[in-house]
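The structure appears below as structure tokens.
Every number in this text was worked out from the coordinates using simple rules, so none of it is lab data. Keep in mind that this is a model prediction, so the values were computed, not measured. Glycine also receives a Cβ, built like all others from the backbone with ideal geometry; neighbour counts cover every protein chain displayed.
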Amino acid sequence: MQNHSQISYLLALFPLLGISACATAPYAVLPPPLSQTAPPTIELYVVSHGWHTGLVVPAKKLEQVLPELAQRFKSAAFYEIGWGDKGFYQAKAITSGLAVQAMFGLSGTIVHVVAVPTTPAAFFPHSTLWGTCVSEPAFQSLSRYLRSSLHQEATGRLMPIAPGIYGDSQFYEGTGHYHLFNTCNKWTAKGLNSAGFEMDATFKLTASSVMAYLQNEVEPAVCRVPP
């Protein structure tokens, strides 16, 4: 979906433009201290599609804070959630113009929700998948972050925009501002911060930087059966 040479060129501009807006919405929701000692009972995955990462979480758990998803998707086992630039994320063909618009946050933001009907490993056989387990308090913090990434009407309802790009999926209006230093991958890193991972999200701007940290710096936790 992406012209890698164009994106590599744009990423090469980062040092020339300076570091700015390190703390940009959506903001990480830090979990309570007890989340570090509570038993890990809930599955959490990060999926990389080469240039873009998303978070994969159990459907029933996320539906507790976003019940509207259950009405839209009916019978998902997991949800993949991704956040990004509205024009760039939905485009069937990526152009340099779209990339520049995304760099400077000119298109608004969007959230991609995909219903995963089976295990993440079976659903994403051609993507890189990293999995672990987190505690209930950590997951609740992550859930609040995911909810804050979705724009809601005054009534609290989500704002669907268009069908998604694969599987049973939906685009929703997002919050925050996508730009050069607040990318879809930094959004994933802030989600991991919300789930209790002590990683510096400032420079987690590419999919490879997020996955390298997880694969090299984090020991996945084994899920315990909840009492």
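In terms of the mean number of neighbouring beta-carbon atoms within 10 Å, the peptides 40-46, 161-167 order highest first as 40-46, 161-167. Shown here are the Rg and Dmax of the Cα trace of the range 106-215, at 14.7, 41 Å. The length gained on full extension between T128 and Q152, counted as 0.36 nm times the residue separation minus their Cα-Cα distance, comes to 5.5 nm. Applying 1/(1 + (r/R0)^6) with r as the Cβ-Cβ distance of I165 and T37 and R0 = 35 angstrom yields a FRET efficiency of 0.30.
Using 1/(1 + (r/R0)^6) with R0 = 22 angstrom and r between the beta carbons of R224 and T119, what's the FRET efficiency to the nearest 0.05? Intermediate values should be presented prior to the final figure.
Details: r = 19 Å, r/R0 = 0.85.
With a Förster radius of 22 Å, E is 0.70.
Using Cβ counts within 10 Å as a stand-in for footprinting exposure, how do D200, D85 rank, fewest first?
So the ranking, lowest neighbour count to highest, is D200, D85.
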